[in-house]
1. For the stretch 30-266, calculate the relative contact order in percent as a whole number, restricting contacts to Cα pairs under 8 Å that are 6 or more residues apart.
2. Pull up all non-local amide H partners of Tyr130: gap of 5 or more, or a different chain, and H-to-H distance under 5 Å with H placed in the peptide plane.
3. Within a 10 angstrom radius of the beta carbon, how do Met1, Met169, Met177, Met204 rank from fewest other beta carbons to most?
4. In the stretch 73-163, what trypsin sites (Lys or Arg not before Pro) fall in a loop by DSSP, with at most 12 other Cβ atoms inside 10 Å?
5. Setting aside same-chain residues fewer than 8 positions from Lys23, which lysines have a Cα under 16 Å from its Cα?
6. How big is the stretch 30-266 in terms of Cα radius of gyration and Dmax, in angstroms?
7. Could you pull out every one of the lysines with an alpha carbon less than 16 Å from that of Lys28, ignoring same-chain neighbours closer than 8 positions?
8. Taking amide H positions as placed 1.01 Å from N in the peptide plane, with prolines and chain starts having none, which residues 5 or more places from Val112, or on another chain, fall under 5 Å of its amide H?
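What follows is calculated from the coordinates using simple rules that are stated; it is not laboratory data. Because the structure is predicted, anything quoted here is derived from the model rather than measured. Please note: Cβ atoms are built from the backbone with ideal geometry, for glycine as well, and neighbour counts cover all protein chains shown.
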Amino acid sequence: MNIAPADVRQSNFTGANIAAVTKSGTNKFKGTVYGFYRNQSFIGTNVAGLKLAKQPDQKSTIYGGSVGGPIIKNKLFFFVNGEIEKRVAPPLTSFRPTGGSGIGTGGNISQVKIDSLVKFSNYLKNTYGYETGSADGLPNAQIKNYKILGRIDWNINTTHKLTLKYSEMVGDDDKLMSNSAPNGANSGGPNTWTANARFGTNAMSFANSQYSFHDQVRTAAIELNSNWKGRFSNQIIATGTKIRTTRSTPGGVFPFIDIMGIRPRVGFSQLMPVAPSRII
C-alpha cells in the first residue's frame, strides 16, 4: 500500500494506492472454483441480551472460478478469472402509505393514502398507457455484476518478457429516486419544493419512479519488462481504460411530476407553498 508515492506511474487514486498483482499461468494447468451465500438468517437478532427486530428478506450470492496453464511450456502462459455477484437487498425505503401493506410501521407510515395512489396510477395507465409500478412500497433492490480478468505472459527470451492483460466489470445497482429540488430550492419545509424527501411522512412515490445505475469499466494493458543480466532494467507500460455509467428506469420515458397537496405542478415551474406537501 502506497500513501504518497513519488513514482509518476502510480496515480489516479485518492487516499492510498493498493498494488495488487494478479495470478499468472504456470507450466501446470490449475483451476479454482468458489462460492459464498448469505441471507437474513445469517444476521443475529440477539446482542448482549438485547432482542433485535427480525431482519427483512435479503440474499447475497457470489460465485466464480479461475483457470491457468501453459500454451507453450516455459514460453507462453494464460490465466483467466471470472466472478458473478447477485444481491437482493431490502426495499430502498421503509415507508408505506396509509392503508397500505408494505413494511413500514409506526413513524414510517406516510400521510399519503393508498387509495389516492391507486387512483392516480390507474389514471396514468388508462389515459397515457404508463405503468407506475407498485404504489404500496417498493420491491427489493437488485444489485448484480460480473467481473472477468484475462492475461497472457510471453517469455520472449532471457532478457524480455511481455504481458497482455484485460479486465472488465459490468454491473447494475438499483437506486432510490432523487430528493433534490430544482431551481436551487432547499428541501425540508412547507414553502419549499419537497417535503423532506419523496418518501416520508408527507410524501410517497411509485416503484417505477426509481432508477438504476449501469456501470461498465474495461481496461487493457500491455507491459514489456527487460532485464540485461542485472546491470540495468527497463519497463514499458501502455494502458487504456473505458468507464461508462448510464442510468435507466423501469417506468420508461414519461415526465416526472410532483403533486403538491391537491394541486399538481410539473418539475420546472415555480415553487408553490402548500403544507403539508404530498408528493407522488
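1. 15 percent
2. The answer is Lys125.
3. Exposure proxy ranking, most exposed first: Met1, Met169, Met177, Met204.
4. Lys73
5. Lys147, Lys161, Lys165
6. Spelled out, the Cα radius of gyration and Dmax of the stretch 30-266 are 26.2, 82 Å.
7. Of all the lysines, those that pass the test against Lys28 - Cα under 16 Å, at least 8 places apart if same chain - are Lys73, Lys75.
8. Amide H neighbours of Val112: Thr98, Ala203.
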